[in-house]
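Peer 1: Please find one structure pasted underneath; my questions will follow.
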Amino acid sequence: MVESPPSITQKPTGFRWELLALLWLAFFLNQADRQIFSVVLPLIRKDLGLTDAELGLIASALVWTYGLLVPIAGFIGDRFSRRNILGFCLLFWSCATLMTGFCSSVLQFIVLRGVATGGGEAFYAPSANALLGETYKESRSFALSIHQTAVYFGIILSGLIAGYIGEQYGWQKAFYVFGSLGVVLAFVFFSRIPRDSVKATVETRQPILAEMGETARIVIRKPTVIMLTLGFGCMVFVNVGYLTWMPSFLVDKFGMSLTDAGFSSLFYHHLGAFLGVLSGARIADHYAKVNPRSRLVVQALGLLLGAPFIYGISMSDTPILTYIALFLFGIFRGWYDSNIVASLYEVVPPKIRSSAYGLMLACAFLIGSIAPYLLGVLKPTLGLTIGLASLSGVYVLGSLFLWAGAFLFFDRDKEAVL
């Protein structure tokens, strides 16, 4: 009898940490490729003469595509080799990023940067989180936290590197560099990571649309999940709007160079978020041993306490005060981030956790997708200062949804899972 090769979960510990390292790099590029456009946006506007509304529409197109496809990606990740899904989606979005450097019209940006890049990236998170959760059963929280830090490093370094490349060599070269790195990493990933096994075959499952409908019916009867989704949508709305327009805001308000604006708008916030996600996880884990609703409370506090600093970012008169506000905004954003998945898992049964997370992501990103376009439309009349300041109110609204979930519905929904 011929034995099958060992799966990922059966590989030695050293190999499994290699998997985490490669996924960290892939997630790094996932976030970096998404952020390049916002960093070099002033150069694209000047070079191609696009309006603020058109630039906002391009940014929103990626979020719309991501939100529509991510639930499908979650179900596909439960059916097929996650290693293959991850490798191919990395290759696809990297090629789309590279080709974005050749764009010269709004339609081309929407197709390549919005639809192609956003579509490829949508298939990453569900499969990556599931694969890490299965591979690192005894150190799951630690592995997922390490993986999450790639978000912050990807956004920070893309701001610095893309801004410098754009100023020195043109905005097109920034897309060429990051896209090429992703293509190389995809081939390394395929060569180093073996195909993982899928427990359930396609024949034993319902059609994807039927499974999505069944999961949606279960989720819709859980008000806590609805509140978590609405709170997540508020956070995404603020985050996407901030990431899209903050570099341009610093250029316009303080006359910074593109390199300085790209770095400063992202570094201080995500340094705070890095510290916040670690501290928020420890706080929530400690109190959740006694009361699991503590995870939602930490998230609600993160949004509520972060709101004043969003307002402070916009209204600060000096770069130093802006950086301080960005850092503290990041700390409390990290508190929220640290429990996105853990809070959901408290109130949904294990068999639908992956698909429920995909649906929550979809709804949240569709809610948040309008932010870049809306801020772009309002920019010529109200200005970015007022537009960004108003995002603080969205954080407060998100906090109210989470408080409602924690204290009005959590106990009932938690008991239904036990």
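The values are calculated or read from the model by the stated rules, or taken from the named source; none is laboratory data. If you're wondering where the values come from, they're calculated on a predicted model, not measured in any experiment. Heads up, the Cβs are rebuilt from the backbone with ideal geometry, glycines too, and the neighbour counts pull from every protein chain shown. These accessible areas exclude ligands, DNA and RNA; they are computed on the full protein's heavy atoms, side chains included. Shrake-Rupley method; radii C 1.70, N 1.55, O 1.52, S 1.80 Å.
Residues checked against (1) at pLDDT 85 or above; (2) buried (at least 21 other Cβ atoms within 10 Å of the Cβ):
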| site | (1), (2) |
| --- | --- |
| Leu23 | yes, yes |
| Leu29 | yes, yes |
| Asp52 | yes, no |
| Val63 | no, yes |
| Gly87 | yes, yes |
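Peer 1: Identify, please: which residue in region 372-382 is under 12 Å from Leu55 (Cα atoms) and part of a helix (DSSP H, G or I) and is, among those, nearest to the chain's Cα centre (by Cα)?
Peer 2: To start, the set of residues in region 372-382 that are under 12 Å from Leu55 (Cα atoms) comprises 372-377, 379.
Adding the requirement that they be part of a helix (DSSP H, G or I) leaves 372-377.
On the way: Pro372: 15, Tyr373: 18, Leu374: 20, Leu375: 20, Gly376: 21, Val377: 24 Å.
Across region 372-382, the extreme among qualifying residues is Pro372.
Peer 1: Here's something else I'd like to know. Just name the residue that is farthest from Ala32 (Cα to Cα) out of those in region 127-158 that are modelled with pLDDT of 80 or more and not aliphatic (A, V, I, L, M).
Peer 2: Among residues in region 127-158 that are modelled with pLDDT of 80 or more and not aliphatic (A, V, I, L, M), the one farthest from Ala32 (Cα to Cα) is Ser127.
Peer 1: Of the conditions (1) at pLDDT 85 or above; (2) of a type in the set (A, V, I, L, M, F, W, C); (3) open to solvent by 40 Å² or more (accessible area, probe 1.4 Å); (4) assigned to a loop (DSSP other than H, G, I, E, B), Phe80 satisfies every one except a single condition; which number is it?
Peer 2: The failed condition is (1).
Peer 1: Is it the case that Asp317 is of a type in the set (D, E, K, R), out of contact with any Ser or Thr (no Cβ under 8 Å at 6 or more places or on another chain) and within 29 Å of Phe28 (Cα to Cα)? Talk me through it step by step, then tell me what you get.
Peer 2: Working: of a type in the set (D, E, K, R): yes; out of contact with any Ser or Thr (no Cβ under 8 Å at 6 or more places or on another chain): yes; within 29 Å of Phe28 (Cα to Cα): no.
No, not satisfied.
Peer 1: So, one more: Within region 90-118, how many residues are under 26 Å from Thr135 (Cα atoms) and open to solvent by 10 Å² or more (accessible area, probe 1.4 Å)?
Peer 2: Total meeting the criteria: 2.
Peer 1: Right, next: Scan (1) surrounded by fewer than 23 Cβ atoms within 10 Å (Cβ to Cβ); (2) within 22 Å of Leu326 (Cβ to Cβ); (3) modelled with pLDDT of 85 or more for the single condition Thr259 breaks and write down its number.
Peer 2: Result: Thr259 passes all but (3).
Peer 1: Can you tell me which of Glu167, Glu203, Glu214 is assigned to a helix (DSSP H, G or I), at pLDDT below 65 and either open to solvent by 40 Å² or more (accessible area, probe 1.4 Å) or not polar (S, T, N, Q) (or both)? Full working, then the answer.
Peer 2: Details: Glu167 fails: at pLDDT below 65; Glu214 fails: at pLDDT below 65.
Result: Glu203 is the single residue among Glu167, Glu203, Glu214 that is assigned to a helix (DSSP H, G or I), at pLDDT below 65 and either open to solvent by 40 Å² or more (accessible area, probe 1.4 Å) or not polar (S, T, N, Q) (or both).
Peer 1: Does region 291-309 contain any residue that is open to solvent by 10 Å² or more (accessible area, probe 1.4 Å) and at positive phi?
Peer 2: Checked against the condition, which is being open to solvent by 10 Å² or more (accessible area, probe 1.4 Å) and at positive phi, region 291-309 yields no hits at all.
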